[in-house]
Amino acid sequence: MNKQQGLALAVAAAIALAAMVFWPATSVAPQAPVASVKAPEEEEEEGVLVLNEQQIQAAGIQLAKAQPRQISTLLSLPGEVRFDEDRTSHIVPRAAGVVESVKVNLGQRVKQGELLAVIASQQISDQRSELAASQRRVELARTTFQRERQLWQDKISAEQDYLLARQALQEAEIALNNARQKMNALSGSAVLVGGNRYELRAPFAGVVVEKHLGVGEVVSETSAAFTLSDLSQVWVTFGVFPKDLNKVQVGRPVKVSSAEMGTDVMGTVAYVGNLLGEQTRTATVRVSVANPDDSWRPGLFVAVQVATDSYSAPVTVPVEAIQTVEDKPSLFVRTAEGFVTRHVELGVSENGFVEVRQGLEAGVEVATVGSFVLKSELGKASAEHAH
């Protein structure tokens with residue numbers, strides 16, 4: 001090997017060494033696994049849940065078809081629960097006296113005829129004496145009349161004596177009837193028990209909502225003793241402005257709801273006032289509402305929706321089909337593979353159905369009962385996709 005060949009060999013070795021040192025940093029790029037990269041058109045469509053028939057049945061998901069339905073437009077107003085005045089009684093003493101005993105407490109439920117209080121009254125004693133005296137005068141006047149009538153028939157006494165005896169009997173009978181009527185005036189919620197005492201008893205079954213009696217207290221006919229109310233039915237009252245009065249008529253269905261209790265109940269308009277309030281300038285409307293569990297308590301503020309005009313909504317679905325997805329009202333529409341999420345625009349809801357104004361066609365099947373399960377599964381899928 002000559003000198004030139006040796007020099008060429010050294011240069012070639014240097015070039016090869018430089019290529020080994022610098023090539024990875026400048027020319028070789030790391031390659032990602034092919035399976036981890038998807039083209040956009042290959043990514044799974046958002047809002048799609050793949051479920052077969054067996055999985056749908058196992059999850060307890062029920063279906064319903066979107067269909068037209070008559071929907072009533074609603075007038076929403078604030079209202080208040082009150083006592084049913086037809087089932088409320090303000091019990092007062094029938095005669096002045098002193099309270100001997102009180103047998104019930106505030107808030108206690110009582111039966112019809114149950115003892116409320118015992119009152120001693122001098123007026124009762126006086127009326128008893130008057131009644132007894134009237135009865136004796138009638139007995140004496142009847143005996144005198146019968147004797148004078150016989151003497152007159154036997155031509156022993158004059159007719160004038162017979163007529164005077166008959167007049168005395170009639171006057172005694174009038175006085176007796178008057179005394180009896182005074183005693184009967186104490187009937188109703190009061191029951192005479194002898195001597196100068198009488199009892200206040202419940203005129204019907206209900207709840208003692210007010211109590212103003214104490215042992216030893218002096219009461220009169222104007223004293224408020226008890227307020228008894230049957231709370232199995234209550235009134236809901238609300239005000240309606242004159243421009244809406246033609247929409248609110250007796251017999252119209254009304255939905256009463258409470259945000260505090262998270263419940264609602266249906267009723268009907270029972271009364272529409274003829275006069276406007278001086279302060280509110282509204283007419284009072286009353287609704288009778290069943291209250292079997294005593295959950296609608298007087299004084300509770302409620303929201304009232306009165307059904308006014310009705311129209312045919314092209315598309316309606318059950319309320320339980322509506323779920324909130326991405327902060328929008330949504331439905332899960334049945335497809336051949338499972339379900340797909342559909343955002344919709346809602347309208348009026350009534351009697352468990354809601355109008356769908358946009359986003360759904362009539363005849364389409366949607367998930368109703370169990371739609372919350374689909375929402376949960378959709379949330380899990382979105383979380384996994386994000387990771």
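Bear in mind these aren't lab numbers, they're just calculated from the coordinates by the rules spelled out. Since this is a predicted model, take the numbers as computed values, not measurements. All Cβ positions, even for glycine, are placed from backbone atoms using ideal geometry, and neighbour counts span all protein chains on display.
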Hey, any hits in region 113-127 for a residue that's among the acidic types (Asp, Glu), more than 30 Å from residue 226 (Cα to Cα) and exposed (fewer than 14 other Cβ atoms within 10 Å of the Cβ)?
no
From the residues in region 219-257 that are without any contact (Cβ under 8 Å) to a residue 24 or more places away in the chain and of a type outside the set (A, V, I, L, M, F, W, C), which one is surrounded by the most Cβ atoms within 10 Å (Cβ to Cβ)?
249
Extreme residue, surrounded by the most Cβ atoms within 10 Å (Cβ to Cβ), among residues of region 52-87 that are closer than 20 Å to residue 312 by Cα and basic (Lys, Arg)
69
Suppose we filter 134, 157 for residues that are in a loop (DSSP other than H, G, I, E, B) and among the hydroxyl-bearing types (Ser, Thr, Tyr); which single one remains?
157
Select from region 160-186 the residues that are out of contact with any helix residue (DSSP H, G or I) (no Cβ under 7 Å at 6 or more places or on another chain) and either in a helix (DSSP H, G or I) or without any contact (Cβ under 8 Å) to a residue 40 or more places away in the chain (or both) and list them in ascending order.
160, 163, 164, 167, 170, 171, 174, 177, 178, 181, 184
Inside region 258-272, the number of residues satisfying the requirement of being touching a residue at least 12 places away in the same chain (Cβ under 8 Å), out of contact with any helix residue (DSSP H, G or I) (no Cβ under 9 Å at 6 or more places or on another chain) and assigned to a strand (DSSP E or B) is 9
